[in-house]
Each structure stands twice: as C-alpha cells, then as structure tokens.
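Peer 1: Handing you this structure, nothing more for now.
The values are calculated or read from the model by the stated rules, or taken from the named source; none is laboratory data. Just so it is clear, the structure is predicted and the values come from calculations on it, not from any experiment. Note that we place each Cβ from the backbone using ideal geometry, even for glycine, and neighbour counts take in every protein chain shown.
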Amino acid sequence: MKKFPWTLILAGITLVLAIALIGVLLYLKNQPPVRRGIAPLVEIASMEADSAKWGENFPNQYASLLKTAANDTKTTYGGSLKYSKLEADPRLLILFAGYPFSKEYNEDRGHLNALADVRAIKRINEKSPATCYSCKSSDNPKLWSEMGMAAYDKTLFSDMTPKINNSIGCANCHEADTMRLIVTNPALEEALKAQGKDWRSFTRQEMRTVVCANCHVEYYFAGEGKYLTFPWEKGTRIENIAAYYQEEGFKDWEYPDAKTPMIKMQHPEYEFYTADSTHYKAGVACADCHMPYTRDGAAKYSSHDVHSPLLNPEVACGQCHTDVAYVTARVGTIQQQVSTTMLAAEDALVEAIDAIKAAAASSTANAAALDEARQLHREAQLRWDFIAAENSMGFHNPEEALRILADATNLARQAQIKALQAAGTVALLNR
C-alpha cells in the first residue's frame with residue numbers, strides 16, 4: 001500500500017500561500033498612501049504652496065488659518081496688533097543703535113501677514129538676501145527642494161520676490177499625501193543632526209512642538225552666502241549659543257562709538273521653551289496652547305488660528321486647568337515680574353553703553369580693560385535680547401527667564417564698572 005503524499009500536499013499549500021502573500025504585498029504597494037480621516041476630495045501635490053487647495057480637504061483648518069490675517073488684538077505684553085516697539089520702549093533705539101532694528105521694530109502680526117510685513121519693513125534693502133524670506137512663505141519647501149538652500153540664500157531678496165507668492169501655510173508643516181507633521185526647513189534638519197537627533201523618530205506629540213522650530217528659533221546668516229544657520233551645535237541654552245557665536249567669531253554688527261561686536265537674537269521660542277520648562281517636561285506641545293483642539297459639530301480639529309492663549313483661555317488653558325481665572329491671573333503676575341526685571345536689565349545696559357563710549361573716546365583709556373568691558377557688554381545684551389525677542393514675556397519658562405535676565409544685569413553692571421576702570425574714573429572716585 002502506497003503512502004499518502006503529504007509532503008507534496010504541504011509543499012503545494014505553501015506555494016499557494018506564498019503566491020497569495022506576494023499578491024497581497026503587490027496590491028498594498030500600489031495603493032495610495034494611507035491618510036488619516038476620510039478620503040480626500042482632491043489630490044494635493046507635494047509641497048503645494050497654495051493653502052486654499054489643502055483647504056478643500058480640510059475646510060475647518062483652512063478657515064481658522066484665514067483668521068490670522070485679521071487678528072489685531074493686543075495682549076498686555078504681546079498679541080497680534082502691529083505697533084512700534086521702538087516707540088513703546090525708546091531704550092531700544094539706544095540698544096540697537098547702528099543696526100537695522102533701530103530703524104523699524106514692530107510687533108508681529110498673524111501668519112498670513114508674514115509675507116506682506118517682511119516686504120514692507122524698513123530693515124530690507126537692495127543688499128538683503130533671500131534668506132530673509134526663510135520663515136515667511138509656504139513657497140519655500142519647494143524652492144529649497146528645487147534650488148538647494150545654499151543657492152536660495154545666495155539669491156538677492158529682490159530677485160527671489162517674483163517666486164514667492166504665498167504667506168505661511170500648510171506646506172510649511174505638513175506632508176501633502178499623508179498630512180503628517182514634518183521638518184521642512186533645511187536649517188532645522190541640519191541643526192537637529194548636529195545634535196545627533198532624527199526628527200523622523202519623534203512622536204507626533206513631539207512634532208507638534210518641533211514643527212514650530214522651522215521658524216520660531218534663534219538663527220544667523222553664515223558667511224558670504226548668508227546661509228541660514230541655527231547656532232545649536234553646542235546645545236540650545238543661552239550659554240551654549242553664546243559660546244558658539246564666540247567660537248565662530250561672529251557678530252551681527254559693531255556698536256557705534258563703543259565698538260562692541262554685537263549679536264541680535266531672533267525669536268528663540270523653541271530653545272527657551274524646551275530648556276526644561278514646567279509645561280515642556282509635562283509633555284505639553286506648542287500646538288496644545290496656541291492651536292487648541294476645537295469642534296465643529298462632530299468634527300474635532302486643531303485650530304490654525306494661531307495666537308496668544310490669553311485671547312481664548314477657556315479653550316487654550318481650560319483643556320488642563322479647571323480654574324482658568326486663577327491661571328490667567330498667574331500668567332499676568334509672572335509676565336509682570338519678568339517685564340520689570342527685563343527693564344532693569346535694559347537700564348543697566350544703557351548705562352554700560354554710555355560708560356564704554358566714554359572710555360573709548362578717551363585717548364588714555366586702558367585698552368585691555370576696555371576690550372573686557374566690550375565683551376561683557378556683548379554677553380549681557382545677547383542674554384537680555386534672548387528674553388526680549390522671545391514672544392512670551394518669560395511665561396514659556398519663567399525660572400529660566402529670570403535667571404537669564406539676572407545674568408544680563410550682572411554682566412551689564414560689570415561692563416559698566418570695567419569701562420569706568422578703563423577710563424580711570426573709578427580710580428579718581430576712590431581718591
């Protein structure tokens with residue numbers, strides 16, 4: 001009696017299953033990318049700059065984004081109403097003397113005004129590089145992809161203008177076919193790599209903060225090509241950034257008469273918030289407060305009407321805090337304390353500048369002591385400006401704000417004393 005051919009049958013079954021599996025894999029490979037939610041009404045091209053096209057698939061998000069064009073509400077220490085910071089605080093004219101920020105320095109308006117505002121600002125001139133467009137337009141991701149950032153940054157601002165038609169929008173933060181949050185600014189990609197980090201490994205909640213770092217960071221224009229660079233190689237705390245600039249020998253400008261090599265800080269919200277702030281350590285993302293979830297009927301979505309949480313605290317703060325009145329009062333107390341401390345640092349800086357200028361004008365000043373005074377001035381002002389340029393009046397990280405401002409005031413007073421010593425004034429007073 002012959003044995004039943006079980007081996008052949010098993011081999012046949014295995015072959016059939018293998019063919020079926022290959023078929024399934026081929027089918028899945030040829031399917032369109034998986035999207036969250038319902039199927040899109042229209043296909044969105046990769047890096048599509050026109051946010052209105054994205055709005056056909058995501059009308060609530062787009063409708064809320066449009067509100068940023070009309071936001072004109074001022075909070076006690078910020079908001080979206082355009083006003084001159086130079087008129088509000090004339091000391092800034094002294095602190096930024098010799099630099100374009102002494103010509104015009106305004107409160108920022110909403111995202112959809114970014115493009116119009118950068119083109120209108122007096123700080124832009126015929127020599128300005130296209131790098132100044134880096135955080136102003138949803139056209140940038142595609143232009144960076146096509147040109148490369150080095151070529152983009154070498155281009156004059158005026159020559160790039162015809163290619164830039166859209167203000168900040170969907171393509172700055174999202175991948176078109178999946179809607180996942182992504183890093184689009186090559187400078188951010190390079191800065192994270194310098195720290196050994198890969199944003200592709202981050203959680204979605206982490207990315208709801210990281211995408212803001214496409215723009216809301218300290219940066220500078222490196223070299224003749226004005227290459228956009230984040231000074232994060234040594235870390236993102238103010239001491240790390242100051243050390244980086246010192247090692248690079250970089251300066252934004254030389255202060256007139258005092259001849260101090262100065263640094264101008266630029267909206268370092270990401271670095272400041274992620275420096276072990278209370279909310280950051282609790283896992284709170286930027287979008288949780290500035291783009292809180294809301295509802296339109298049964299639809300839940302993140303509002304893209306990006307603005308201060310103090311303008312809608314019941315929604316922005318009420319997601320976590322039950323006593324919203326207490327929270328907003330507490331914010332006010334913190335910001336008032338930081339503001340008072342910041343103005344004290346400004347007073348110290350102004351007096352340090354006066355002392356350095358007087359010493360520099362003296363033919364008998366001690367050169368070594370004067371150079372030390374200049375270095376102290378530089379270190380003091382970049383610390384003050386780290387808080388002054390950051391858009392929360394310290395609330396994103398209150399303890400860090402007060403620590404940095406205390407250092408700024410201390411360094412400014414040291415600069416003043418050292419300048420007086422350089423001029424011989426201290427010795428005369430002590431006789």
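Peer 1: Just the residues that are surrounded by 14 or more Cβ atoms within 10 Å (Cβ to Cβ), part of a loop (DSSP other than H, G, I, E, B) and either of a type in the set (S, T, N, Q) or without any contact (Cβ under 8 Å) to a residue 60 or more places away in the chain (or both), please, taken from segment 220-248.
Peer 2: Hits for segment 220-248 are Phe230, Pro231, Trp232, Glu233, Lys234, Gly235, Thr236, Arg237.
Peer 1: Which residues, counting only those in segment 110-160, are closer than 23 Å to Leu65 by Cα, in a helix (DSSP H, G or I) and not aliphatic (A, V, I, L, M)?
Peer 2: Listed by number, the residues that qualify are His111, Asn113, Asp117, Arg119, Cys132, Tyr133, Asn140, Pro141, Lys142.
Peer 1: So is Ala325 more than 21 Å from the chain's Cα centre (by Cα), modelled with pLDDT of 95 or more, part of a helix (DSSP H, G or I) and buried (at least 21 other Cβ atoms within 10 Å of the Cβ) or not?
Peer 2: So Ala325 does not fit the description; no.
Peer 1: Something else now. Provide a single number: the residues in segment 63-96 that are surrounded by fewer than 17 Cβ atoms within 10 Å (Cβ to Cβ), more than 20 Å from the chain's Cα centre (by Cα) and outside any helix (DSSP H, G or I).
Peer 2: So the count comes out to 9.
Peer 1: Could you list all residues from segment 12-55 that are farther than 20 Å from Pro141 by Cα, modelled with pLDDT of 70 or more and not in a helix (DSSP H, G or I)?
Peer 2: Within segment 12-55, Ala39, Pro40, Leu41, Val42 meet the criteria.
Peer 1: From the list Ile387, Ile353, Ile404, exactly one residue is farther than 27 Å from His216 by Cα and of a type in the set (A, V, I, L, M, F, W, C). Which is it?
Peer 2: Ile353
Peer 1: Out of the residues in segment 62-109 meeting the condition of being free of Cβ contacts under 8 Å to residues at least 12 places away in the same chain and not charged (D, E, K, R), tell me which one is farthest from Val350 (Cα to Cα).
Peer 2: Top of the filtered list is Ala63.
Peer 1: Here's a follow-up. Quick one: count up the residues across segment 300-322 that are in a helix (DSSP H, G or I) and in contact (Cβ under 8 Å) with a residue 24 or more places away in the chain.
Peer 2: Summing the residues that are in a helix (DSSP H, G or I) and in contact (Cβ under 8 Å) with a residue 24 or more places away in the chain in segment 300-322 gives 3.
Peer 1: If I ask for residues that are in contact (Cβ under 8 Å) with a residue 60 or more places away in the chain and β-branched (Val, Ile, Thr), which ones from segment 38-61 would you list?
Peer 2: Of everything in segment 38-61, just one residue is in contact (Cβ under 8 Å) with a residue 60 or more places away in the chain and β-branched (Val, Ile, Thr), namely Ile44.
Peer 1: Right, something else. What's the number of the only condition in (1) more than 26 Å from the chain's Cα centre (by Cα); (2) under 23 Å from Thr76 (Cα atoms) that Ser339 fails to meet?
Peer 2: Single failed check for Ser339: (1).
Peer 1: Restricting segment 154-192 to residues that are within 17 Å of the chain's Cα centre (by Cα) and among the charged types (D, E, K, R), which is surrounded by the most Cβ atoms within 10 Å (Cβ to Cβ)?
Peer 2: Among those residues, the one meeting the criterion is Glu189.
Peer 1: Output the helices (runs of 4 or more DSSP H) that fall wholly within segment 366-431 and possess 1 or more residues being buried (at least 22 other Cβ atoms within 10 Å of the Cβ) and either touching a residue at least 60 places away in the same chain (Cβ under 8 Å) or of a type in the set (A, V, I, L, M) (or both), or say none.
Peer 2: It comes to 367-388, 398-423.
Peer 1: Given (1) of a type outside the set (A, V, I, L, M); (2) assigned to a strand (DSSP E or B); (3) under 24 Å from the mean Cα position of the chain (by Cα), where does Thr294 come up short, assuming only one miss?
Peer 2: Of everything listed in (1) of a type outside the set (A, V, I, L, M); (2) assigned to a strand (DSSP E or B); (3) under 24 Å from the mean Cα position of the chain (by Cα), Thr294 misses just condition (3).
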